[in-house]
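Here's the structure we're looking at; comments come further down.
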Amino acid sequence: MSNTTDPSDRRSFLKHGTLAAMALSAGTAAAQQTEDHSEHDDHKGHAAVARQPKTPVEHKHNHVAAEYDGFSRYVPSRGNDPDSDFYLGKQVPGFRKQEAGPAPFEAPDLTKLPWKMKNGAKEFHLVPQQIEREFLPGQKMIVWGYNGSTPGPTIEVTQGDRVRIVVHNELPEETTVHWHGFELPVQYDGSHTLTQNPIKPGGTFAYEFDVHEAGTFWYHSHVAMQETMGMVGWFIVHPRQAFNPPVDRDFGLLFQQFTILPNQTVSDSWSMNWNWHTINGRSGPFSTPLVVKHGERVRVRIMNFAPVQHHPIHLHGHTFWVTGHEGTRAPKSAWIPRNTELIAVAQASEFEFIANNPGDWMFHCHMTHHMMNHMVNHVGPRIRTNDSVDQYLTNLDSRPSVPLSHDDPNFTVPGYPQGMKGMSMSDEFMQTLWSRREMMGMRATAAMSLMGLMTAIRVLPEDLYQRVMESDEKIPKGAIFDEIVKRFGNPDDYKAAPMNMMHGGH
Ligand SMILES: [Cu+2]
């Protein structure tokens, strides 16, 4: 959208206009708001909804439209009473109807394990094996996983299903598979030697049990150190009836750590000097952003499969409700509003929020060294050329310059192919990043800020969502973000990212 109105008019319009006026300027957002109101009506008479949302309150020169006791799904807002159902969007429903059932689970960069109904059970075939995983474009690592991937493909079932998982061991050593959190007959628990004989290389074993639970589970090897080689995958069990309030999105992010030293591609399960951090098997900025529509109710499940380290996960621009942890959903009286949730080893947290603040928001572990990879402590770059310490000390007023260019030969340490000071982002690397639909229209410099255990949640108004996720339009870098600043921010005070800072054309 080009700026055709007088900037001063538009600025005051944005500052003092109502939400409805903003929606009009945004075109399709107006329709979205109408839909939202009709959707409230649809919920009338729905016994599962604890309390009916009130009619939107009148608002004058305040752009907070208090649709739910002071909370708006379209504008950052708190709500009035912390004990109310709608404070911070606690029970504000998504657009998805509850009768439509649970929203499908989506773990970016991972596939789902197919199944076939056989003898009254959903039958899955799981193959533990050595695999190659591209943590970053061009950085292919030799790790272990299932069916060609780490984490392995997601098993997704519904509460009440009977499952049969046939495991075909293609590893060079014994393994078992443990179904983490399930209350199942002990012989199928997968506890290596305690409950079953190990599955030999080339061997097969079938696990079969009824799933009476609903929640966030996973499967993993129960042989020492295989876990740190990557032997894990999601096992999501949807409730028979969708939880109330219904969500529009159900994302899963599984965090892992590996030790892969410079010059190496093979993971070392013995070392505790973790230097690679992955989300669903990829490191930032290769972890694919989560893209949602403005106003949707979003659930995110995060699981920490790091061997020894916890992750304080922080979301920018929103406050979320922690609605459950691994294996189970918490009663609403126990939900806690946060913007940072600490997730310890082998724990999961589920949280939900209304995406009422448009933009590209960081979503990341807050441990500083988890926000980077390659944090290997034995080596560092030679960054000052031909300067001795004496020369340096006698010349403190004008210090020798530091060559910061990645092209500078001193950037690399001889014998170590990885850029130790940061990521070397080649044209090919950048093109791979930007070839993903989910990144389209982000600022040209977006990749520089999303490393290690970092990703982004993009909250896009309906029309911008369609351009990014559903159209074949070639969207220039920064175009979507610029548009969001125009509609919701202060465009007079905004500068686009310099295009020449990053490689990779668009
Ligand atoms: Cu962390």
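Using the Cβ of Ala496 as centre and a radius below 14 Å, the other residues enclosed give a net charge of -1, where K and R count +1 and D and E count -1.
The gain in end-to-end length when the Thr328 to Thr368 segment is fully stretched comes to 11.4 nm, 0.36 nm per residue minus the alpha carbon separation. Here the Karplus relation 6.51 cos²θ - 1.76 cosθ + 1.60, evaluated at θ = phi - 60°, turns the backbone of the stretch 276-283 into coupling constants of 10, 10, 10, 10, 6, x, 9, 9 Hz, with x for every Gly and Pro. Taking 7 Å steps out from each Cα toward its Cβ at Asn244 and Arg162 produces label points 3.2 nm apart. Taking amide H as placed 1.01 Å from N in the peptide plane, Leu126 has its amide H under 5 Å from the amide H of Val166, Val167, His168, each at least 5 places away in sequence or on another chain.
Amide H contacts of Glu106 (H built 1.01 Å from N, in plane; Pro and chain starts excluded): Asp250, Phe251, Gly252 sit under 5 Å, all sequence-distant by 5 or more or on other chains.
When Arg73, Arg338 are arranged by Cβ crowding within 10 Å, least crowded first, meaning fewest neighbours, the order is Arg338, Arg73.
For the stretch 269-376, the list of chymotrypsin sites (Phe, Trp or Tyr not before Pro) that fall in a loop by DSSP and count at most 16 other C-beta atoms within 10 angstrom reads Trp270. Here the 3J(HN,Hα) profile of the stretch 314-323, calculated from phi with Karplus coefficients 6.51, -1.76 and 1.60 at θ = phi - 60°, is 10, 10, 7, x, 9, 10, 10, 9, 7, 9 Hz, Gly and Pro shown as x.
Site pair Ser449 and Thr193 shows an inter-label distance of 5.1 nm when each label is modelled 7 Å from Cα along Cα→Cβ. For the stretch 325-334, the Karplus equation 6.51 cos²θ - 1.76 cosθ + 1.60, evaluated at θ = phi - 60°, returns couplings of 10, 4, x, 7, 9, 8, x, 4, 5, 9 Hz by residue, with Gly and Pro reported as x. Among the GluC sites (Glu not before Pro) in the stretch 172-209, those placed in a DSSP loop whose Cβ has at most 16 other Cβ atoms within 10 Å are Glu173, Glu183. Amide H contacts of Val223 (H built 1.01 Å from N, in plane; Pro and chain starts excluded): Thr176 sit under 5 Å, all sequence-distant by 5 or more or on other chains.
Any read-out appearing in this document is the output of simple, stated calculations on the displayed coordinates, not a laboratory observation. Quantities reported herein were computed from a predicted structural model and do not represent experimental measurements. We place every Cβ from the backbone using ideal geometry, glycine too, and count neighbours over all the protein chains shown.
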